[in-house]
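The values are calculated or read from the model by the stated rules, or taken from the named source; none is laboratory data. Note that the structure is a prediction, hence the values are computed from the model and not measured. Methodologically, a virtual Cβ is constructed for each residue, glycine included, from the backbone with ideal geometry; neighbour enumeration extends over all protein chains shown. These accessible areas exclude ligands, DNA and RNA; they are computed on the full protein's heavy atoms, side chains included. Shrake-Rupley method; radii C 1.70, N 1.55, O 1.52, S 1.80 Å.
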Amino acid sequence: MKSVCIIPARGGSKRIPRKNIRPFCGKPMIAWSIETARASGAFTKIIVSTDDAEIAQVAREHGAEIPFLRPAVLADDFTGTGAVTAHALRELAAQGQVFDLACCIYATAPLLRPQDILCGHQLLESSLDALYAFSATSFPFPIQRAISIAVDGGVSMFHPKHMNTRSQDLPHAWHDAGQFYWGRPAAFLESKGMFLPHSRAVILPRHLVQDVDTEEDWIRLEILARALGHDAK
């Protein structure tokens, strides 16, 4: 099967400016995703979808291809990765490049492992009825016992019926780990939903999962990465 890796990396990140190429443990952040994708051996082609010339240059230096620049209309604060992936697949098809499977890998996923990429690939190959396979991890505490805090400081439960339910008696809950999304090209192009029965989850341990939306997130991710030996040599 021919598989393409698509790494979205726009230039206008607001909360952490230029985070896709900001130095992280000794190399540009995006380099970790590119190099892990290459190390997996799962892809016929690895591309970066960006609107930014500097990001494009850094991506090329680390082994990715830039077959097109993403239009500004798809590089704003509201366009989702599904639309960006679909755009990339259409651009590649217009160049005569058609693939059996596609994988969107986030540019800010330095803890991503080659074996997890391969697991997602194998799930789709072996589950002919599945449209997607994505990374997921467990919540560290039962979501059924979550609380909210009002403006006046008052506390209430989201699910009061579980006020006295023991945590071990509640079912586990999982969430998107935000590292990769394997899918069949038609599913991306037709905007099929991701978190539905036609998807499969690749379960990751919680210590390999960290969103990167704030400076605090960045610091925590650096601590995790260095503990795992991710300093660039």
> Of the residues 152, 176, 217, 231, which is among the acidic types (Asp, Glu) and at pLDDT below 95?
Replying inline: 231
>> So residue 44 passes all but one of these: (1) surrounded by fewer than 23 Cβ atoms within 10 Å (Cβ to Cβ); (2) under 25 Å from residue 115 (Cβ atoms); (3) touching a helix residue (DSSP H, G or I) at 6+ places or on another chain (Cβ under 8 Å); (4) among the β-branched types (Val, Ile, Thr). Which condition number does it fail?
In response: (3)
> If residue 144 passes every condition in (1) open to solvent by less than 90 Å² (accessible area, probe 1.4 Å); (2) out of contact with any Asp or Glu (no Cβ under 6 Å at 6 or more places or on another chain); (3) not in a helix (DSSP H, G or I) but one, which one does it miss?
Replying inline: (3)
>> Could you tell me how many of the residues in the stretch 54-67 are open to solvent by less than 20 Å² (accessible area, probe 1.4 Å) and either in a loop (DSSP other than H, G, I, E, B) or hydroxyl-bearing (Ser, Thr, Tyr) (or both)?
In response: 1
> Out of the stretch 1-40, which residues are open to solvent by 10 Å² or more (accessible area, probe 1.4 Å) and more than 28 Å from residue 223 (Cα to Cα)?
Replying inline: 1, 2
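When you check residue 85 against the structure, is it in a loop (DSSP other than H, G, I, E, B), under 13 Å from the mean Cα position of the chain (by Cα) and surrounded by 21 or more Cβ atoms within 10 Å (Cβ to Cβ), yes or no? Reasoning before the result, please.
Details: in a loop (DSSP other than H, G, I, E, B): no; under 13 Å from the mean Cα position of the chain (by Cα): yes; surrounded by 21 or more Cβ atoms within 10 Å (Cβ to Cβ): yes.
For residue 85, the condition - in a loop (DSSP other than H, G, I, E, B), under 13 Å from the mean Cα position of the chain (by Cα) and surrounded by 21 or more Cβ atoms within 10 Å (Cβ to Cβ) - is not met.
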>> If I ask for residues that are more than 19 Å from residue 76 (Cβ to Cβ) and of a type in the set (Lys, Arg), which ones from the stretch 15-34 would you list?
In response: 22, 27
> Of 100, 51, 76, which residue is modelled with pLDDT under 95 and open to solvent by 50 Å² or more (accessible area, probe 1.4 Å)?
Replying inline: 76
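Within the stretch 66-82, which residues are in contact (Cβ under 8 Å) with a residue 12 or more places away in the chain and more than 16 Å from residue 15 (Cα to Cα)? Can you show your working first?
Of the stretch 66-82, the ones in contact (Cβ under 8 Å) with a residue 12 or more places away in the chain are 66-72, 74-77, 81-82.
Matches in the stretch 66-82: 66, 67, 68, 69, 70, 71, 72, 74, 81, 82.
Among the candidates 193, 229, single out the residue that is free of Cβ contacts under 8 Å to residues at least 12 places away in the same chain, closer than 16 Å to residue 112 by Cβ and either over 16 Å from the mean Cα position of the chain (by Cα) or part of a loop (DSSP other than H, G, I, E, B) (or both).
Values: 193 fails: closer than 16 Å to residue 112 by Cβ.
Testing whether each residue is free of Cβ contacts under 8 Å to residues at least 12 places away in the same chain, closer than 16 Å to residue 112 by Cβ and either over 16 Å from the mean Cα position of the chain (by Cα) or part of a loop (DSSP other than H, G, I, E, B) (or both) leaves just 229.
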> Pairs under 6 Å by beta carbon, first residue of a type in the set (A, V, I, L, M) in the stretch 20-42, partner part of a helix (DSSP H, G or I) and open to solvent by 10 Å² or more (accessible area, probe 1.4 Å), six or more apart or different chains?
Replying inline: 21/58; 39/114; 42/118; 42/121
> Are any of the residues in the stretch 106-121 touching a Ser or Thr at 6+ places or on another chain (Cβ under 9 Å), part of a helix (DSSP H, G or I), within 28 Å of residue 225 (Cβ to Cβ) and of a type in the set (Gly, Ala, Ser)?
Replying inline: yes
> Scanning the stretch 153-167 for residues that are open to solvent by less than 80 Å² (accessible area, probe 1.4 Å) and part of a strand (DSSP E or B), which turns out nearest to residue 143 (Cα to Cα)?
Replying inline: 157
